[in-house]
1. What's the local net charge at Gly46, with K and R +1, D and E -1, over the other residues with C-beta under 14 Å away?
2. Could you tell me which residue out of Met65, Ile23, Ala53 lies farthest along the dipole of the range 18-75 toward its positive end? Charges go on the beta carbon: Lys and Arg +1, Asp and Glu -1, centred on the Cα centre.
3. Label points 7 Å out from Cα along the Cβ direction at Thr63 and Glu19: separation in nm?
4. Mind giving me the nanometre distance, one decimal, between the label points for Glu49 and Phe31, set 7 Å out from Cα along Cα→Cβ?
Amino acid sequence: MKLFSIDPLLLLSMPGGTEWLWIILAVIILFGGKKIPELAKGLGKGMREFKDAKDGIRKDIETEMTKKEEIEAVNH
């Protein structure tokens, strides 16, 4: 017996054109036109901080790998 008649892949798909219009309309109604730039600014700042943290971790990993390779080269 099938509990759900909706295909799970449909739940993961991206919204189409009409759905985006409804989403944008709902955001404008909920937050108002004056709050949207503030929300976008906060989102941009969060994305920038995430990218900086990701790059910092990548740099730390590369530095440690280089140190490990140098130590192994000295020991051999």
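Only the coordinates and a few stated rules stand behind these numbers; no lab work does. Keep in mind it's a predicted model, so treat the numbers as computed, not measured. Quick reminder, even Gly has a Cβ in these numbers, built from the backbone with ideal geometry, and neighbours come from all protein chains shown.
1. +2
2. Final value for the positive-end residue is Ile23.
3. 4.3
4. That separation, rounded to one decimal, is 1.6 nm.
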